[in-house]
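Input: a single structure, listed below in structure tokens.
The values are calculated or read from the model by the stated rules, or taken from the named source; none is laboratory data. Quantities reported herein were computed from a predicted structural model and do not represent experimental measurements. Virtual Cβ from ideal backbone geometry, glycine too; neighbours counted across all protein chains shown.
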Amino acid sequence: MMNIKQKIIDMILVAVVSFGTFAGLTNLASRMFMDVKEYVPYALTVVTLFFIKECYQIIKEEPVKIN
């Protein structure tokens with residue numbers, strides 16, 4: 001059974017990976033295109049939804065028992 005500390009660490013890792021990917025893609029898009037105003041909100045929304053979905057899966061895996 002995963003404890004609450006491990007779940008929090010997993011959620012932080014998911015946040016780092018997802019928002020790091022967003023930063024990398026935004027950097028790539030800014031080099032390829034002059035105007036990224038339309039890209040940034042869309043990409044941020046997709047990354048945020050992925051983060052929420054993964055955190056929900058981590059929390060849902062096993063309920064945490066607090067003694």
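The table below gives the values:
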{"item": "Residue, modelled with the lowest pLDDT, within region 30-67, restricted to residues that are assigned to a loop (DSSP other than H, G, I, E, B) and surrounded by 13 or more Cβ atoms within 10 Å (Cβ to Cβ)", "result": "64"}
{"item": "Filtered residues of region 15-58 (kept if over 12 Å from the mean Cα position of the chain (by Cα) and among the charged types (D, E, K, R))", "result": "31, 35, 37, 38"}
{"item": "Residue within region 19-29 that is in contact with a Phe, Trp or Tyr (Cβ under 6 Å, 6 or more places away or on another chain) and modelled with pLDDT of 80 or more present", "result": "no"}
